[in-house]
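Working notes for the structure below.
The values are calculated or read from the model by the stated rules, or taken from the named source; none is laboratory data. Keep in mind it's a predicted model, so treat the numbers as computed, not measured. Note: ideal-geometry Cβ built from the backbone for every residue, glycine included; neighbour counts use all protein chains shown. Only protein heavy atoms, including side chains, enter the accessible area calculation; ligands, DNA and RNA are left aside. Shrake-Rupley method; radii C 1.70, N 1.55, O 1.52, S 1.80 Å.
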Amino acid sequence: MKNIGVLTSGGDSPGMNSAIRAVARTCAHYDIKCTGIVRGFQGLIENNTKVLYTRSVRGIINRGGTFLYSARSDEFKTKEGRKEAFKTIEENEIDGLVVIGGDGSFTGGLIFMEEYNIPVVGIPGTIDNDLYGTSHTLGYDTALNTATEAIDKIRDTASSHERTFIVEVMGRKSPSIAVHVGVCCGAENIIFPYKKVDYDRIAQDIKHGIKKGKTSSIIIVGEGEKPGMSYNVQRELRENHQLVAHVCILGHIQRGGAPTHQDRFIASKMGNMAVSHLMTSSKAAAICYENGGIKVKSLKKKILKMKLQNIKLV
Ligand code: F6P
């Protein structure tokens, strides 16, 4: 391994910078060139690269976002796009690739490896925590803390005005954020769009709480395929259950901010392990977090399978 490429792809997540830094610094330690690819797979197609030295990654371990930028590349989904991307690999003499991203990015990396035989290692980076085989993805812990803090604030004003709030959190098909912040904020209900919603029960619960003297109620809604599901919940409660509720969609605030200690620490170890793996093996791998430790797992289709926790939601 003389030159390792690193890119971030898909939705950004806090901890991606910490992982890039660890990759670049581990490369420097072993005297391996580190090539940063700007704007994910799209940057690979467009030969948008920059060499990462030890000093290039200073001061980023604590910064949210990704200083290499990220993109969702439709072109990379095509054979032609990947052909162009491989030209960049050849021109820059890149021997192995670290892909930091979610399931879509891992899938792209795996297909690329199968077609062009370039070793790929995935580092799970997404706030959604929806990759099989790892209990934590980079950014998830930070997103949970951001959402928890925001909902605590909503609780303050909800209590002062004796209101019911519907708070929508991110996670696309994954209920992880909704379930965890719901529990941690003492939400009265958690709704996830892929489960049947029992509005009668929700309305009954809230009315019962009010009767007993509750000053506020919070319903957490997982966003599902696209944001806005909360407005349906609001309408249903108003029109069929005579309950007034306010909507707050937390949105992209959950993707930003300084990574927590946990995200920085795991990212640093994962970045280091990704380089070590590329130095010793050419097998596709995913760096996973399991039972408190970092493990290298084979990057097979299994890792990409959605993790829909079997938790009773409403
Ligand atoms: O994959 C992370 C995520 O933040 C999801 O939770 C959300 O549904 C989606 O990305 C939003 O994507 P975009 O960046 O296109 O707004």
Straight-line reach check, LYS283, cutoff 16 Å on alpha carbons, 8 or more apart in-chain or any other chain, hits among aspartates and glutamates -> ASP95, GLU114, GLU115
Summed over the other residues with a beta carbon less than 11 angstrom from that of LYS33, with K and R at +1 and D and E at -1, the charge totals -2
The local net charge around GLY15, scoring Lys/Arg +1 and Asp/Glu -1 for residues other than GLY15 whose Cβ lies under 15 Å from its Cβ, equals +1
Using alpha carbon positions and the Kirkwood radius, the Rg to Rh ratio of the chain is 1.05
Amide H proximity to THR49 below 5 Å, modelled H, separation 5+ or other chain, gives VAL38
Note, region 215-222: 3J(HN,Hα) by Karplus (6.51, -1.76, 1.60, θ = phi - 60°), whole Hz, Gly/Pro = x, goes 9, 7, 9, 10, 10, 8, 10, x
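If you filter region 1-92 for chymotrypsin sites (Phe, Trp or Tyr not before Pro), then keep DSSP loop positions with at most 15 other Cβ within 10 Å, what is left?
On the way: sites: TYR30, PHE41, TYR53, PHE67, TYR69, PHE76, PHE86; in loops: TYR30, TYR53, PHE67, TYR69.
Answer by residue number: TYR30, TYR53.
Using a 10 Å Cβ count of at most 11 others and DSSP loop calls, identify the longest part of the chain lacking such GluC sites (Glu not before Pro). Spell out each step's value before the answer.
Details: sites that count: GLU93, GLU162, GLU225.
In short, 1-92.
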Rounded to the nearest 0.05, FRET efficiency between ARG55 and LYS83 (Cβ-Cβ, R0 35 Å) equals 0.55
For SER268, SER216, SER298, the accessible-area ranking with a 1.4 Å probe, largest leading, is SER298, SER268, SER216
Counting sequence-distant residues (5 or more places) and residues on other chains, those with an amide H built under 5 Å from that of THR164 are SER217, HIS246
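If each residue of separation counts as 0.36 nm, what is the full-extension length gain between LYS2 and LYS300 once their alpha-carbon separation is subtracted? Please list the in-between numbers first.
Details: separation 298, 0.36 × 298 = 107.28 nm, distance 2.54 nm.
Taking 0.36 nm per residue and subtracting the Cα distance, the gain is 104.7 nm.
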With x for Gly and Pro, the residue-by-residue ³J(HN,Hα) of region 271-286, computed from phi through the Karplus equation 6.51 cos²θ - 1.76 cosθ + 1.60 at θ = phi - 60° and given in whole Hz, is x, 4, 5, 4, 5, 4, 5, 4, 6, 10, 8, 10, 7, 4, 9, 10
Farthest towards the positive end of the dipole of the chain, among ALA178, GLN204, ASN291 and with Cβ unit charges of +1 on Lys and Arg and -1 on Asp and Glu, lies the Cα of ASN291
Relative to the chain, whose Cα atoms define the longest principal axis, helix 79-91 and its Cα axis are tilted in degrees, nearest 10, by 50
The answer for SER13, listing residues at least 5 apart or on another chain whose modeled amide H is closer than 5 Å to its amide H, is GLY65
Counting Lys and Arg as +1 and Asp and Glu as -1 over every other residue whose Cβ sits under 14 Å from the Cβ of HIS252, the net charge comes to -1
Per the rule of 0.36 nm per residue minus the C-alpha distance, extending SER159 to GLU93 adds in nm 17.7 nm
For region 160-172, Karplus-derived ³J(HN,Hα) couplings (6.51, -1.76, 1.60; θ = phi - 60°; whole Hz; x for glycine and proline) come out as 4, 10, 6, 10, 9, 10, 10, 10, 9, 10, 7, x, 6
